[in-house]
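A short write-up of the structure that comes next.
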Amino acid sequence: MPLDWTRHIVVRWPDPDPAHIPLLRQASIDAVVLDAPNPAFETACQAAGISIATQPKYVSKRGLWPGVQRSGNRSNADEVASASREPWLDANGYLVALERALHPERPAVLGYLAGENPEQMVPFESLELALVEARTAGGNYILSIDPRYRRALLSGDAKALAAWKSLGGAAAWLKQNHDLFGQAAPPAISALVEAGMPTSEIANLLYRRNASPRLVSASNVPPPAPGRILALVAASLKPPAAEVRARILRHAEAGSFVVLDSTPDPSWKLLKKASDRNFYSLGKGQVVAYHKRIADPSEFALDIIDLITHRRRPVRLWNALAVIPLFTAGRRPGEAILHLVNYSSTGGSAGRSPMNQETQARVQGHYAKAALLRPGQPPVTLAVAKRGSTSEVFIPAMDRLATVVFT
């Protein structure tokens, strides 16, 4: 069977042994990347229906090990923020979206390694998180097992085996529901991106601040769509060619916000001054011009949400400080999909407690029905309430991933 880098589960497996095959099958592994050829292991894999894969050259090595960032002796209690503090999440879903925007001709596959930071304790269950966040964003992750985790697995450690079994269940569910993932995010906040860190960090924080943005290559500026593209983010780009800048500004002329950090045109009509940016009238819309290059992408992401207002943002969550949502189109007309990825280590089934509080979510659009889908659990019908231009649902206790299909 040909290897499908968008669908199949692939793992790096150093020091292979044919005796490891049952362990690989337990995690729904479809293919293995080896450090060196091993004929006996390769023969055993072939007999078990597991492929030997060669990693493509285009695999992105960027990425941070996902989860709630810890320092010192922080406990799980730090993952639930107080009114003045919120957890910092290391997340990589935006990298998949970035790869898909810049290279639509190929699968978006992440290949960062576990255990690169010897001071970082990698929870066993976080390998499942690495796979889940990549797949929900429409890409894939080549599973990399922390050496401590691998030793624990091979020695039969109960916690390691429980996390591995949970990974296998999630992997099988992700493959079975492949068509739920990789749908387009709404264009309400459309961010232009290019190779390099500046626009990548803006994309990262737009995701982290739950703006559910659509990332678009700066070389392929979309046509204006007033009422659908509410804000076109064109900050931190290399100076665009005159033709590209004109295509960007057409969005303001048609009625959208265009956000820049380049020199404003003296012909624009000044509407309002702020300490870090000015607002200009252009055609039916506005240009928001920052005085300097964006130094704080986190605050900038909040500015963008404020610009379009909470009332019009694609998705909004309550009671979910360690959850990153992604709201997308559905697989057919009249359908929309909300993915919720839980980064807290308090969520999961591998010997840990699920997030045991309801999550309130609102998405743009009016829908009559909502079905909650989760790995290892039967579908649940959710009540849907109309709230202005949005539909609201309450999601019960969730593990690592919850997907809501609206119709």
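Which residues, taken from the range 377-398, are closer than 16 Å to His339 by Cα and exposed (fewer than 13 other Cβ atoms within 10 Å of the Cβ)?
Pro379, Thr381
So Ala231 fits all but one of (1) over 26 Å from the mean Cα position of the chain (by Cα); (2) in contact (Cβ under 8 Å) with a residue 60 or more places away in the chain; what number is the exception?
(1)
Filter the range 109-160 down to the residues that are over 20 Å from Val341 (Cα atoms) and charged (D, E, K, R), then identify the one that is modelled with the lowest pLDDT.
Of everything passing the filter in the range 109-160, Glu119 is modelled with the lowest pLDDT.
It is to be established whether one or more residues within the range 76-92 are at pLDDT 95 or above and either touching an Asp or Glu at 6+ places or on another chain (Cβ under 9 Å) or buried (at least 17 other Cβ atoms within 10 Å of the Cβ) (or both). If you could, list the steps in order and put the result at the bottom.
Looking only at the range 76-92, we keep the residues that are at pLDDT 95 or above, and these are 91-92.
Now restrict to residues that are either touching an Asp or Glu at 6+ places or on another chain (Cβ under 9 Å) or buried (at least 17 other Cβ atoms within 10 Å of the Cβ) (or both): 91-92.
Within the range 76-92 (the criterion being at pLDDT 95 or above and either touching an Asp or Glu at 6+ places or on another chain (Cβ under 9 Å) or buried (at least 17 other Cβ atoms within 10 Å of the Cβ) (or both)), the answer is yes, since at least one residue qualifies.
Can you confirm whether the range 290-304 contains a residue that is of a type outside the set (S, T, N, Q), at pLDDT 95 or above and part of a strand (DSSP E or B)?
Yes, because at least one residue in the range 290-304 is of a type outside the set (S, T, N, Q), at pLDDT 95 or above and part of a strand (DSSP E or B).
Check Thr390, Thr381, Thr346 and return the single one that is at pLDDT 95 or above, over 18 Å from Leu326 (Cα atoms) and outside the structural domain of Ser28 (by TED's automatic domain parsing).
Exactly one residue qualifies, and that residue is Thr381.
State whether one or more residues within the range 239-253 are touching a Lys or Arg at 6+ places or on another chain (Cβ under 9 Å), more than 24 Å from Thr136 (Cα to Cα), hydrophobic (A, V, I, L, M, F, W, C) and at pLDDT 95 or above.
Yes, the range 239-253 contains at least one residue that is touching a Lys or Arg at 6+ places or on another chain (Cβ under 9 Å), more than 24 Å from Thr136 (Cα to Cα), hydrophobic (A, V, I, L, M, F, W, C) and at pLDDT 95 or above.
So, of the residues in the range 305-341 that are within 13 Å of Ala188 (Cα to Cα) and in a loop (DSSP other than H, G, I, E, B), which turns out to be nearest to the chain's Cα centre (by Cα)?
Pro314
Residues that are over 22 Å from the mean Cα position of the chain (by Cα) and closer than 22 Å to Arg374 by Cβ: which helices (runs of 4 or more DSSP H) entirely in the range 112-208 hold 1 or more of them?
Answer list for the range 112-208: 158-176.
Within the bounds of the range 262-274, is there any residue that is assigned to a loop (DSSP other than H, G, I, E, B) and under 17 Å from Ala191 (Cα atoms)?
Yes, the conditions are met somewhere in the range 262-274.
The values are calculated or read from the model by the stated rules, or taken from the named source; none is laboratory data. These figures come from a predicted structure and were not determined experimentally. Backbone-built Cβ (ideal geometry, glycine too); neighbour counts: all protein chains shown.
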